[in-house]
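S.K.: There's a structure below that I have some questions on.
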Amino acid sequence: MSTNRRGLLIILSSPSGAGKSTLAKRLMKWDATLKFSVSATTRAPREGEVDGVDYHFLDEAAFKSMVSSGDMLEHAQVFGNYYGSPAGPVRGTIEKGEDVLFDVDWQGAQQISNSSLRDHVLSIFVLPPSIAELRRRLESRGQDSNEVISSRMSKSWDEISHWDGYDYVLVNDDLDASFEKLKTIIASERLRRAQQPDLLNIVRELQAEFEEIEKS
């Protein structure tokens, strides 16, 4: 006797430098069935970007129409362009029993958690062990100027202050240990009752079998 399952909408959020992107990459290698959410945007494609792979490229009218009809799980305007997560592809993916990974900030996480697919959301916030360590990680990347690092640091507390809006919180003081905890969380959440649509039929079959035994 086995059950099918619905997929999860796995949300990872953190301040920049806490290790969210590294953990997301490890998750994708750990489970090849895991799908990364492809966002929609109204900005023009950059050289080499492929529609439906890098982004779903939409004009502003089409994007706003999807928002008004509830077909965007979350959306925001950034530097004059709109970005969002279309609900249709996500719904189709989780109905096939595959999970979708979202790398969004606390506002996006909140919108997804309040969407029509909220029953299948798993939200996880990644905290740094200290603010000093957060700065050290940003500086060790060697990718950003001091000005950019300062900007990221100034935004970090705004992100951290919303930690209590998530289902789980990981303090990423050790990347390997945090990844093991993350895998445990996902494995457990996949067994949630809401993720197993066949359970009711299985229980009914058990009841019918029990009643047959009682009759004999």
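Just so you know, all these numbers are worked out from the coordinates, no wet-lab data involved. Not measured: the values here are computed from a predicted model. Neighbour counts run over all protein chains shown; Cβ positions are idealised from the backbone, glycine included.
S.K.: Kindly establish whether V38 is assigned to a loop (DSSP other than H, G, I, E, B), in contact (Cβ under 8 Å) with a residue 12 or more places away in the chain, over 26 Å from F179 (Cα atoms) and of a type in the set (A, V, I, L, M, F, W, C). Break it down stepwise before answering.
M.R.: Values: assigned to a loop (DSSP other than H, G, I, E, B): yes; in contact (Cβ under 8 Å) with a residue 12 or more places away in the chain: yes; over 26 Å from F179 (Cα atoms): no; of a type in the set (A, V, I, L, M, F, W, C): yes.
No.
S.K.: A further question follows. Kindly evaluate F102 against the criterion of being part of a helix (DSSP H, G or I), surrounded by 17 or more Cβ atoms within 10 Å (Cβ to Cβ), in contact (Cβ under 8 Å) with a residue 12 or more places away in the chain and aromatic (F, W, Y). Even if it seems obvious, please write down each step before you answer.
M.R.: Numbers: part of a helix (DSSP H, G or I): no; surrounded by 17 or more Cβ atoms within 10 Å (Cβ to Cβ): yes; in contact (Cβ under 8 Å) with a residue 12 or more places away in the chain: yes; aromatic (F, W, Y): yes.
Judged against the criteria, F102 is not a match.
S.K.: Now a separate question. Please work out if A76 is in contact with a Gly (Cβ under 8 Å, 6 or more places away or on another chain), among the small types (G, A, S) and crowded, with 20+ Cβ neighbours inside 10 Å. Reasoning before the result, please.
M.R.: Working: in contact with a Gly (Cβ under 8 Å, 6 or more places away or on another chain): yes; among the small types (G, A, S): yes; crowded, with 20+ Cβ neighbours inside 10 Å: no.
Answer is no for this residue.
S.K.: Only one of (1) touching a helix residue (DSSP H, G or I) at 6+ places or on another chain (Cβ under 9 Å); (2) over 30 Å from W157 (Cβ atoms); (3) among the hydrophobic types (A, V, I, L, M, F, W, C) is not met by V53, so which one is it?
M.R.: Among (1) touching a helix residue (DSSP H, G or I) at 6+ places or on another chain (Cβ under 9 Å); (2) over 30 Å from W157 (Cβ atoms); (3) among the hydrophobic types (A, V, I, L, M, F, W, C), the lone unmet condition for V53 is (1).
S.K.: Please give the number of the condition G17 fails out of (1) in contact (Cβ under 8 Å) with a residue 60 or more places away in the chain; (2) assigned to a loop (DSSP other than H, G, I, E, B); (3) farther than 24 Å from D176 by Cα; (4) not hydroxyl-bearing (S, T, Y).
M.R.: Result: G17 fails condition (3) only.
S.K.: Residue check, R6 against (1) within 30 Å of Q196 (Cα to Cα); (2) of a type outside the set (G, A, S); (3) part of a strand (DSSP E or B), all met but one. Which one?
M.R.: Status for R6: all satisfied but (3).
S.K.: Could I ask something else about it? In this structure, is G108 loosely packed, with under 14 Cβ neighbours inside 10 Å, under 30 Å from D144 (Cβ atoms) and out of contact with any Cys (no Cβ under 6 Å at 6 or more places or on another chain)?
M.R.: Details: loosely packed, with under 14 Cβ neighbours inside 10 Å: no; under 30 Å from D144 (Cβ atoms): yes; out of contact with any Cys (no Cβ under 6 Å at 6 or more places or on another chain): yes.
It is false that G108 is loosely packed, with under 14 Cβ neighbours inside 10 Å, under 30 Å from D144 (Cβ atoms) and out of contact with any Cys (no Cβ under 6 Å at 6 or more places or on another chain).
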